[in-house]
Amino acid sequence: MATCLQLYTGARMPLVGLGTWKSAAGQVKAAVMAAIDAGYRHFDCAYVYLNESEIGEGIQQKIKEGAVKREDLFVVSKLWSTFHEKHLVKGACQKTLADLKLDYLDLYLMHWPLGFKAGEELFPADDKGVAIPSNTDFLDTWEAMEELVDAGLVKAIGVSNFNHEQIERILNKPGLKHKPANVQIECNPYLTQEKLVNYCQSKGIAVTAYSPLGSPDRPWAKPEDPSLLDDPKIKEIAAKHNKSTAQVLLRFQIQRNVIVIPKSVTPQRIAENFQVFDFKLTKEEMATIFSFNRNWRVYTISIALQLFPLVVEASTARGLRADAPTQSSSRGLLRSAAPGSAPPREPRAAPGGAGPAPLAIKGGGFGRSRRSGAGAAMATYVQLNTGAKMPILGLGTWKSQPGKVTAAVTAAIDAGYRHLDCAYVYQNENEVGEGIQQKIKEGVVKREDLFVVSKLWCTFHEKHLVKGACQKTLTALKLDYLDLYLIHWPLGLKAGEDLFPVDDKGVGISSNTDILETWEAMEELVDAGLVKAIGISNFNHEQIERILNKPGLKYKPANNQVECHPYLTQEKLIKYCQSKGIAVTAYSPLGSPDRPWAKPEDPSLLDDPKIKEIAAKHNKTPAQVLIRFHIQRNVVVIPKSVTPQRIVENFQVFDFELTKEEMATILSFNRNWRACEMFVCKTHKGYPFNAEY
């Protein structure tokens, strides 16, 4: 057990905790379990990190194993800025508790002293990229925080990123019931915060230091920025104590009675960061480290507005991923973001009853159902021109919330799915791979039972980049081969670290590659055994024709994945592809109701009265009707969900059949309306949506 600092409430807060900001999705649960095994009892979380569900899973597993009891732990979370309105505070806290699978928090902090406009966007900004405030007063928010203590939802409350004047406002608030127990601030030798730390401690407020190592993995770091971990004086002190530089930096805070929350997902580093109670820095060494101060901040809210949204993949598609430092600014890509860069929101679908095991559909290239692994029913399939059988129903993973993808994959496999649709640009293939491997390890499926699809992103269209991109995906998915690899879009973008390279006008920068050359590199992947089949996505019939007519063509496309739903029925393109022996997959089959750029006036398939009427007749949900619509057209369909109940419901579509009249009714909805336009590339020579089909 770590040594503790006693809060004014009487609670004992461990001096060393595990930080979880920037922790890579899919690795947080294992990090939490490794931390508990190493002796950590303090976990620092936040709603905006979008990984609290994984943290909760790790905590619950260790409680179940008997390694700890709930009362042994000290769990901290934070109220995000879009929930500052008084009536929103309790619901935000309850959401965090539900994700963490806890009945109470030991400490709940107001993350920033500024409120943002309430709503689904975590970083609401105007057309100029300026944050939209909520015009709330944090004293009103504080009153709602105090009510959480009274309700037993939290044991103590505090603040984060507040200055002394803002703290003073709370302390001087008329009728104050509970004063802040803790303030969490950025603090390291380059930003020692001596005055603020002294002020807080004089008021009986404990201080927690975030970014205690200087946040070396921050994505906005510049080459000329100072690096604490590489500082010669720190290294010299570390060598004297036979410790790492990180351990010295952590010990520096502990000797100031400052709580410290280093972040890591690596078991070895997690353990090392905890081994800081067996040595002591001298007064001279402490003075040396204090002398580093330059009031230099790693993190400001302005950086957050520009950079943090893609860390959490839940805002306005502006910025960098902190867990993927190679991704660039994508400001202005809101409507143009490719599948994978959108905020996660669950599609709306009413609950439906469970049906019997899937029935085989005869003819039309479909095969009979078979069972595989733990008695799970295999979906019916379409036979590709390679002879491979592609399940007609798969799990889509675009927009799946970080931290929830592994569980979604395992739930899908348990429900009978054997087809998983992935892409490099979705930035979650590592989690998908973990789910797959878990189910293989459990013996539920074998690798050969699965049909795994991924896609080559636009910045890898140059011939020499294709193989490396594929290998990166295979590594993330932890697989030796893909069943199907698609060119994601028929347009190449400038190679480099930016996934969406744009010029000063926000227009995509072309790579000037030819898709025929990219196709040759795709064919080489088949010959190398890295992929079983290759195909395309978002290609129009003219672009497909170019490939089919290519001199020396070795492998024709096995599949074309396109946006398809009743508002965009793609009848001509589907007939064309099927006439050429090319299977079609429909993405956004429910109309992508959770797309971040949706407007209030946009049509909603799931709310359409006619769809609801058909669904009621079959005792099904609107989502099930929309999925069945594609299946009866011999179109593969990949609905996305991370909710186990919906994952199961979406698979229960083989026990009913739409009538000819119902199919005709749904086809009549067509209005050639696209949810995904890739608007930023509208002037690109390869832009596919200028052709009729």
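The values are calculated or read from the model by the stated rules, or taken from the named source; none is laboratory data. All of these numbers come straight from a predicted model, not from anything done at the bench. Backbone-built Cβ (ideal geometry, glycine too); neighbour counts: all protein chains shown. The protein model used for the area step is the full one, side chains on, heavy atoms only, and it has no ligands, DNA or RNA in it. Shrake-Rupley method; radii C 1.70, N 1.55, O 1.52, S 1.80 Å.
Do you know which of the residues in region 429-482 that are polar (S, T, N, Q) and open to solvent by less than 40 Å² (accessible area, probe 1.4 Å) is nearest to THR513 (Cα to Cα)?
Initially, region 429-482 is screened for residues polar (S, T, N, Q), giving 430, 437-438, 454, 459, 471, 473, 475.
If we keep only those that are open to solvent by less than 40 Å² (accessible area, probe 1.4 Å) too, we end up with 454, 459, 473.
Working: SER454: 21, THR459: 10, THR473: 21 Å.
Among those that are polar (S, T, N, Q) and open to solvent by less than 40 Å² (accessible area, probe 1.4 Å), it is THR459.
Could you count how many residues in region 279-300 are crowded, with 17+ Cβ neighbours inside 10 Å, of a type in the set (A, V, I, L, M, F, W, C) and either assigned to a helix (DSSP H, G or I) or modelled with pLDDT under 60 (or both)?
Qualifying residue count, region 279-300: 1.
If you go through region 599-650, how many residues are surrounded by 17 or more Cβ atoms within 10 Å (Cβ to Cβ) and not polar (S, T, N, Q)?
Adding up the residues that qualify gives 29.
Do you know which residues across region 657-693 are at pLDDT 90 or above, out of contact with any Pro (no Cβ under 6 Å at 6 or more places or on another chain) and buried (at least 16 other Cβ atoms within 10 Å of the Cβ)?
LEU658, GLU662, MET663, THR665, listed by residue number.
Take the residues in region 158-195 that are charged (D, E, K, R) and assigned to a loop (DSSP other than H, G, I, E, B); name whichever of them is least open to solvent (accessible area, probe 1.4 Å). Steps first, please.
Kept after step one, since they are charged (D, E, K, R), are these residues of region 158-195: 165, 168-169, 173, 177, 179, 186, 194-195.
Narrowing further to those that are assigned to a loop (DSSP other than H, G, I, E, B): 173, 177, 179.
Numbers: LYS173: 21, LYS177: 123, LYS179: 60 Å².
The selected residue is LYS173.
For (1) under 29 Å from VAL260 (Cα atoms); (2) basic (Lys, Arg), each residue gets a yes or a no:
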{"position": "GLU85", "(1), (2)": "no, no"}
{"position": "LEU88", "(1), (2)": "no, no"}
{"position": "GLN94", "(1), (2)": "yes, no"}
{"position": "ALA144", "(1), (2)": "yes, no"}
{"position": "LYS155", "(1), (2)": "yes, yes"}
{"position": "ASN163", "(1), (2)": "yes, no"}
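State which residue pairs qualify: first residue free of Cβ contacts under 8 Å to residues at least 60 places away in the same chain and inside region 398-417, second residue open to solvent by less than 10 Å² (accessible area, probe 1.4 Å) and part of a helix (DSSP H, G or I) in any location, beta carbons under 8 Å apart, and separation of 6 or more residues or different chains.
Matching pairs, first to second residue: VAL409/GLU431; VAL409/VAL432; VAL409/GLY435; VAL409/ILE436; THR410/GLY435; ILE413/GLY435; ILE413/ILE436.
Quick one: in region 10-23, of everything that is more than 13 Å from VAL260 (Cα to Cα) and buried (at least 18 other Cβ atoms within 10 Å of the Cβ), which residue is modelled with the highest pLDDT?
Selected residue: TRP21.
Name every residue in region 541-589 that is outside any loop (DSSP other than H, G, I, E, B) and charged (D, E, K, R), in order of residue number.
If we filter region 541-589 for residues that are outside any loop (DSSP other than H, G, I, E, B), which is where we start, we get 541-548, 559-563, 565, 568, 571-579, 583-587.
If the condition is that a residue be outside any loop (DSSP other than H, G, I, E, B) and charged (D, E, K, R), then GLU542, GLU545, ARG546, GLU563, GLU571, LYS572, LYS575 are the ones that fit.
Of all residues being in a helix (DSSP H, G or I) and of a type in the set (Ser, Thr, Tyr) in region 454-479, which is farthest from ASN538 (Cα to Cα)? Just the residue, please.
THR475
In the list VAL311, VAL276, which residue meets the criterion of being in contact with a helix residue (DSSP H, G or I) (Cβ under 9 Å, 6 or more places away or on another chain), modelled with pLDDT of 90 or more and either β-branched (Val, Ile, Thr) or in a loop (DSSP other than H, G, I, E, B) (or both)?
Only one candidate passes the filter, namely VAL276.
Which condition does LEU249 not pass, out of (1) open to solvent by 10 Å² or more (accessible area, probe 1.4 Å); (2) of a type in the set (A, V, I, L, M, F, W, C); (3) closer than 25 Å to CYS45 by Cα, if it passes all the others?
(1)
Suppose the filter is in contact with a Cys (Cβ under 6 Å, 6 or more places away or on another chain) and closer than 21 Å to VAL76 by Cα; does VAL183 pass it?
For VAL183, the condition - in contact with a Cys (Cβ under 6 Å, 6 or more places away or on another chain) and closer than 21 Å to VAL76 by Cα - is met.
Based on this model, can you work out whether PRO226 counts as under 36 Å from the mean Cα position of the chain (by Cα) and surrounded by fewer than 21 Cβ atoms within 10 Å (Cβ to Cβ)?
When the stated conditions are applied, PRO226 passes them.
Looking for whichever is at pLDDT 95 or above, in a loop (DSSP other than H, G, I, E, B) and open to solvent by 30 Å² or more (accessible area, probe 1.4 Å) here; the options are ASN257, ASN198. Which one fits?
ASN257
This table checks each residue for (1) in a loop (DSSP other than H, G, I, E, B); (2) open to solvent by 20 Å² or more (accessible area, probe 1.4 Å); (3) modelled with pLDDT of 95 or more; (4) under 26 Å from MET13 (Cβ atoms).
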site: VAL89; (1), (2), (3), (4): no, no, yes, yes
site: ALA92; (1), (2), (3), (4): no, no, yes, yes
site: TYR108; (1), (2), (3), (4): no, no, yes, yes
site: PHE123; (1), (2), (3), (4): yes, no, no, no
site: ASN135; (1), (2), (3), (4): yes, yes, no, no
site: GLU147; (1), (2), (3), (4): no, yes, yes, yes
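Search region 433-453 for residues being assigned to a helix (DSSP H, G or I) and more than 12 Å from TYR417 (Cβ to Cβ), and hand back the single one that is farthest from the chain's Cα centre (by Cα).
Checked region 433-453; the qualifying residue farthest from the chain's Cα centre (by Cα) is GLU448.
Anything in region 372-385 that is at pLDDT 50 or above, surrounded by fewer than 19 Cβ atoms within 10 Å (Cβ to Cβ) and not in a strand (DSSP E or B)? List them, or say none.
Scanning region 372-385 gives a single hit, ASN385.
Would you check which residues across region 58-68 are crowded, with 21+ Cβ neighbours inside 10 Å and more than 15 Å from ALA38 (Cβ to Cβ) and list them?
none
Against the condition within 25 Å of GLU662 (Cα to Cα), among the hydrophobic types (A, V, I, L, M, F, W, C) and touching a strand residue (DSSP E or B) at 6+ places or on another chain (Cβ under 6 Å), how does ILE574 come out, does it pass?
When the stated conditions are applied, ILE574 passes them.
Quick check on ARG646: is it out of contact with any Cys (no Cβ under 8 Å at 6 or more places or on another chain), at pLDDT 95 or above and basic (Lys, Arg)?
Working: out of contact with any Cys (no Cβ under 8 Å at 6 or more places or on another chain): yes; at pLDDT 95 or above: no; basic (Lys, Arg): yes.
Spelling it out, it is not the case that ARG646 is out of contact with any Cys (no Cβ under 8 Å at 6 or more places or on another chain), at pLDDT 95 or above and basic (Lys, Arg).
Return the residues of region 96-106 that are open to solvent by less than 50 Å² (accessible area, probe 1.4 Å) and either part of a loop (DSSP other than H, G, I, E, B) or more than 21 Å from LEU73 (Cα to Cα) (or both); say none if nothing qualifies.
Selection gives LEU102, TYR104, ASP106.
Six or more apart or on different chains, Cβ atoms under 6 Å: show the pairs whose first residue is in region 658-677 and in contact (Cβ under 8 Å) with a residue 60 or more places away in the chain and whose second is of a type in the set (Val, Ile, Thr) and open to solvent by less than 30 Å² (accessible area, probe 1.4 Å).
Pairs that qualify, where the first residue is in contact (Cβ under 8 Å) with a residue 60 or more places away in the chain and the partner is of a type in the set (Val, Ile, Thr) and open to solvent by less than 30 Å² (accessible area, probe 1.4 Å), are LEU667/THR569; ASN670/THR569.
Would you mind finding the one in TYR576, TYR555, TYR587, TYR567 that is surrounded by fewer than 23 Cβ atoms within 10 Å (Cβ to Cβ) and closer than 15 Å to ILE487 by Cβ?
The conditions single out TYR555.
With respect to GLU65, is the statement that it is farther than 23 Å from GLU146 by Cβ and under 19 Å from the mean Cα position of the chain (by Cα) true?
Spelling it out, it is not the case that GLU65 is farther than 23 Å from GLU146 by Cβ and under 19 Å from the mean Cα position of the chain (by Cα).
Go through region 24-46 residue by residue and tally those that are open to solvent by 10 Å² or more (accessible area, probe 1.4 Å) and either touching a Lys or Arg at 6+ places or on another chain (Cβ under 6 Å) or assigned to a helix (DSSP H, G or I) (or both).
So the answer is 6.
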